[in-house]
Amino acid sequence: MPRSSGAGSLANLDLADRNTLASLQRGEDRTALGLAGVAAGQQSWDVFDQAKAEGGTEWRCLAEALYFEARGESLAGQVAVAEVILNRVDAAVFPDTVCGVVHQGAASGKLHGCQFSYNCDGRPEHISETGAFDQVGRVARVMLDGWARTLTDGATYYHTTAVRPRWARKFHETAAIGPHVFYRRPDTIARN
């Protein structure tokens, strides 16, 4: 499937590039990679290390979603999941708040009826890894502060490589980062 070929985008990396993505998480020479926000003229990937893991309700919803959906991912993987959530906020067919997007479908009471599965998997959500929550909290802070969303090329959907949902055949694949594949529908391109 086609992937974004934009210069400075991680979207053209595939699963074979795990070593590069892992180096991002470890903080190895992020700026030399010339990726994402750096390529877009922003400070550097170091901004994620320097950010404070704090904020209001929208920050908390984004941080919790990243914790339950991507805490074990590379920095790039966490940023990519945050992009999907924020792209949905900007797309007219989804709720217009982070909390609305993250909790979409949760009120239905259906097991697995949510857009983000951790909300409807029947298990209580407990944040037990404080270091991981601090990491995703910093990612949430930087993303809400306006970091350029260049990794997923406007994606509003994703899934892990462990599944093959039927809906994925109808959408345009935009990126594969770590164990996630990212997609967008033509009618849900974010207006950011």
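The values are calculated or read from the model by the stated rules, or taken from the named source; none is laboratory data. Here the structure is a predicted model, which is why all the values come from computation and not from measurement. Every residue, glycine as well, gets a Cβ built from its backbone with ideal geometry; the counts of neighbours run over all protein chains shown. Quick note on the areas: whole protein, heavy atoms, side chains included, nothing else; ligands and nucleic acids left out. Shrake-Rupley method; radii C 1.70, N 1.55, O 1.52, S 1.80 Å.
General remarks:
- When each of ALA155, ALA190 is tested for being at pLDDT 90 or above, more than 20 Å from ALA51 (Cβ to Cβ), touching a helix residue (DSSP H, G or I) at 6+ places or on another chain (Cβ under 9 Å) and small (Gly, Ala, Ser), the lone residue that passes is ALA155.
- The lone exception for ALA107 - which of (1) at pLDDT 90 or above; (2) small (Gly, Ala, Ser); (3) part of a helix (DSSP H, G or I) it fails: (1)
- Counting only helices (runs of 4 or more DSSP H) that sit completely within segment 1-103, those holding 1 or more residues that are modelled with pLDDT of 95 or more correspond to 57-70, 75-90, 98-102.
- When segment 119-156 is filtered for residues that are closer than 19 Å to PRO95 by Cβ, in a helix (DSSP H, G or I) and under 15 Å from the mean Cα position of the chain (by Cα), the ones remaining, listed by number, are ALA140, MET143, LEU144.
- Among the residues of segment 128-150, not one is open to solvent by less than 10 Å² (accessible area, probe 1.4 Å) and either among the acidic types (Asp, Glu) or touching a strand residue (DSSP E or B) at 6+ places or on another chain (Cβ under 6 Å) (or both).
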